[in-house]
Amino acid sequence: IGDVKGKDVYCSYSVPAESIDNERTITYHEKVFSQIFNSLGINNTSINEAAAIIYSDAAAEKFSGIGTSFGAGMVNSCVLYHGIEALKFSTARSGDWVDKSVAESLNIVQNRVTSIKEKMFSLETDYKLEPDKKKRRILEALGYFYENLVNYTIKKMIKEFEDKVEIEIDEAVPFIIAGGTSMVPGFINLFKSVIANYKLPFEISEIRHAKNPLTAVSSGLLIKTMSDVGK
């Protein structure tokens with residue numbers, strides 16, 4: 001953070017939404033970060049992780065959109081409409097869940113799955129072309145569980161939207177995806193293919209990757225903080 005003594009400093013930090021399929025809570029971690037910043041004399045605000053993606057990549061749409069961050073441990077989703085938060089939630093299935101599921105299905109060590117995924121896996125490549133039978137089975141299983149992950153996320157989003165969104169969104173909004181788990185080649189095309197099978201309670205103008213999927217959250221935090229401080 002640097003030298004902040006005697007300076008008027010502002011900092012925002014990202015937090016996930018409460019999980020809808022896991023009993024873990026974010027309260028402790030959010031309060032601990034706030035306590036640290038307060039002890040340093042820093043003005044601080046927590047901002048939803050997925051909302052930050054919209055702040056980063058939807059200025060042209062006046063900060064309206066659906067942001068989804070596919071991280072390692074969680075998928076975070078948020079719906080903003082002209083900067084107003086309409087929905088936020090997280091699920092406990094993401095990249096680590098994919099690796100764990102593949103490892104359990106094939107009865108192998110999870111680290112082996114993760115290594116193959118990071119070095120070789122692509123949703124754009126036919127796994128059947130892999131000559132090594134053991135690697136081919138891992139690549140095949142990764143493809144199955146990635147598709148399962150996308151289906152699961154979309155189903156949860158539709159249900160949460162129908163149950164909880166009270167704002168009338170009367171225009172098409174972008175669906176912006178970020179996070180390390182989304183960086184597998186072909187992920188966005190997989191997402192588009194899967195979501196086409198669902199009747200959505202909202203209209204999507206386009207589905208796109210954040211300009212930088214790994215730094216979109218921090219960029220969005222900066223944009224939101226500058227806007228708030230400017231006001």
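Tabulated results
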quantity	calculated
Residue match in region 11-25 (condition: open to solvent by less than 30 Å² (accessible area, probe 1.4 Å), assigned to a loop (DSSP other than H, G, I, E, B), out of contact with any Gly (no Cβ under 8 Å at 6 or more places or on another chain) and within 25 Å of K211 (Cα to Cα))	yes
Where S94 falls short, out of the listed (1) modelled with pLDDT under 95; (2) surrounded by fewer than 19 Cβ atoms within 10 Å (Cβ to Cβ); (3) of a type in the set (G, A, S)	(2)
Selected residue [touching a strand residue (DSSP E or B) at 6+ places or on another chain (Cβ under 7 Å), open to solvent by less than 60 Å² (accessible area, probe 1.4 Å) and on the phi > 0 side of the Ramachandran plot] from G179, G186	G179
Residue in region 101-117 that is touching a residue at least 40 places away in the same chain (Cβ under 8 Å) and open to solvent by less than 20 Å² (accessible area, probe 1.4 Å) present	yes
Matching entry among E171, E166, E206 (being touching a residue at least 24 places away in the same chain (Cβ under 8 Å), charged (D, E, K, R), open to solvent by 50 Å² or more (accessible area, probe 1.4 Å) and touching a Ser or Thr at 6+ places or on another chain (Cβ under 8 Å))	E171
All positions within region 56-112 that are over 15 Å from the mean Cα position of the chain (by Cα), basic (K, R) and assigned to a loop (DSSP other than H, G, I, E, B)	K62
Residue in region 30-49 that is open to solvent by 90 Å² or more (accessible area, probe 1.4 Å) and either within 18 Å of M74 (Cα to Cα) or of a type in the set (D, E) (or both) present	no
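The values are calculated or read from the model by the stated rules, or taken from the named source; none is laboratory data. Computed from a predicted structure; not experimentally measured. Cβ: placed from backbone, ideal geometry, glycine included. Neighbour counts: every protein chain shown. Areas reflect the complete protein model, heavy atoms only, side chains present, ligands, DNA and RNA absent. Shrake-Rupley method; radii C 1.70, N 1.55, O 1.52, S 1.80 Å.
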